[in-house]
Amino acid sequence: MTYLGLDLGTTATKAILVDDGQTVLAAATAASQVLQPRPGISEQDPESWIAAARAVLAQLRADAPQAFAAVRAIGLSGQMHSVAPLDRDWRPLRPALLWNDERGQDQALRLQQAVPGLARITGVRPMASFSAAKLLWLKDDEPALFARIRHVLWPKDYLRLWLTGQAASDMSDAAGTQLFDQAARAWSAPILGAIGLDGTTLPPLSEGTAPAGHLRPAVARELGLSPDVVVATGGGDTPVGAAGLGCADAGQAFLSLGTGAVYVAVRESYDPDPDISLHDFAHCLPGRWYQMAAMLNGGSCLAWVAALCREPDIAALLDKVQARGAAPGRILFQPYLRGERTPYHDPAARGAFIGLDAMTDEVDLARAVLEGVAFSLRLGQDLLAGRQSPAGPLPIIGGGGRSLAWTRIIATVLDRPLVIPHNAEHAAALGAARLAMIAHGASQADALRPFNPARTVEPDRDAVPLYAERYARFRRLYPALHDLTA
């Protein structure tokens, strides 16, 4: 028997095919287009999600036809917060508003006033990133369209609708909407009422490990699979990535460095951060939650500086950074190119280089960017102190983990070894496949086995105190620059 994991990301959809021993038999990736006609707008056509899924599934079928035909269950993972409004026939009314779409900040603040205790109910302060503010923005700015909304789905749930014909979502994706009562693990009636949505607009909820239907006969024929294939409920990409690492117990933690960056610690109960600086969300696993320091700016900063310096080969630029040695660079970088969540919750925050001189070159700028993101992760680690296992290597997943130069800087800034798992770039897809195994009948203990480490990156001990001094300076940047960049 084999199992499929689909991970519908912002810029790419990934799929892996594993056997019942979790050996990866095939993997595929398809790029996705983000519609950004002007600053602050970030959208996608929901039909592009299905097109990307078709592409990766066709690639898996071509690469491993016998193993593909033996698929017994499919698990789903996807970008969180992005929201697709649908009509009564389940057709998209407009492009989906993505998590990094900046419209809706005014609506987020208005929602906070309308629902007392909103942050405690939902585990996070109101922000434009979350689905609730986006829906309220639609109500204000596109009222005729809002009046036609009959269903709302999130990316991986729209994909499941295509696969099974059934609407559903899970606790972890619901957790990132700001429409969800984290402690009760249910949709929040007061929040829905404040937005003007009927409870029937949102899909029924199940745990991420539960079955959520079987393949529609037409889709089964198209894919060359049995209509008996089970489709798991699945979850948001961050908690499903945790499942891919086997992070199911309180105190287990990991980093994910993709377009953005997150630092996650698993919890056994909903116990929100008193200052609401962290996100407190339901896990895709039953009876689990997690706390997360969420940074909007991660790998996107590296892509930005490479484009700024007209360096098409990012790997070559990273090699140049590494060749300059382990000591910190001369320039500080505040990496808030698209605002920031943790710890400032400031959508108006902006980036800055400090310390430029006539000798500054593209390598100095690139190093400053790598260090600035690492310092942001250190802010998250400081907030999570006492809520995660304090010792031992820390797993890192996502595209940023492929760079030895960057992981060395992060390990040194955090003063903690980092472990890159095998198939780290497919952690969420592997987690989705693991959820598929559980939905098909495997025990959670058997499916969520510890990850297989590929490499450990130790901190540079001589550079640790040097980075500690630079980090102290970095902490002073935001307060000093806030009035200038707001």
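Quick notes on this one:
- Scoring 247-253, 140-146 by mean Cβ neighbours within 10 Å over their residues and listing the highest first yields 247-253, 140-146.
- Cα-based convex hull, region 146-244, per residue volume (Å³, whole number): 108 Å³
- When Rg and the Kirkwood Rh are both derived from Cα coordinates, the Rg/Rh ratio for the chain amounts to 0.96.
- Most tightly packed first, judged by the mean number of other beta-carbon atoms within 10 Å of their residues, the peptides 297-303, 228-234 read 228-234, 297-303.
- Label point at Ala445 placed 7 Å out along Cα→Cβ; residues across region 196-213 whose backbone nitrogen lies under 19 Å: 209
- Note on region 314-470: the C-alpha convex hull projects to 11.2 nm² when averaged across all orientations.
- Modelled FRET efficiency - R0 30 Å, Arg461 with Ala323, Cβ distances, 0.05 increments: 0.90
- Mean Cα-pair separation over length for region 356-429, i.e. relative contact order, pairs under 8 Å, 6 or more apart, %: 35 percent
- Note on Ala31 and Met359: the extension gain reaches 114.3 nm, defined as 0.36 nm multiplied by sequence separation minus the Cα-Cα distance.
- Mean Kyte hydropathy of -1.0 or more with a Cα span along the axis of at least 30 Å, helices from DSSP in the chain: 362-384, 464-485
- Rounded if a/c under 1.5, otherwise prolate or oblate - region 358-426, Cα gyration tensor axes: oblate
- Over the chain, dividing the summed -39,500 (n - 2.57) contributions of all DSSP H runs of at least 4 residues by the number of residues returns a 222 nm mean residue ellipticity of -11500 deg cm²/dmol.
- The Cα center of region 182-214 and the Cα center of region 332-400 differ in position by 34 Å.
- DSSP bridge orientation in the chain - percent antiparallel, rounded to nearest 5: 75 percent
- Pairwise centroid distance, computed over Cα atoms, of region 1-49 with region 71-140, Å: 20 Å
A short reminder: the numbers here are calculations on the coordinates, not readings from a lab. On a predicted model such as this, the values are computed, not experimentally measured, just so you know. Ideal geometry is used to build each Cβ from the backbone, glycine not excepted, and the neighbour counts take in all protein chains shown.
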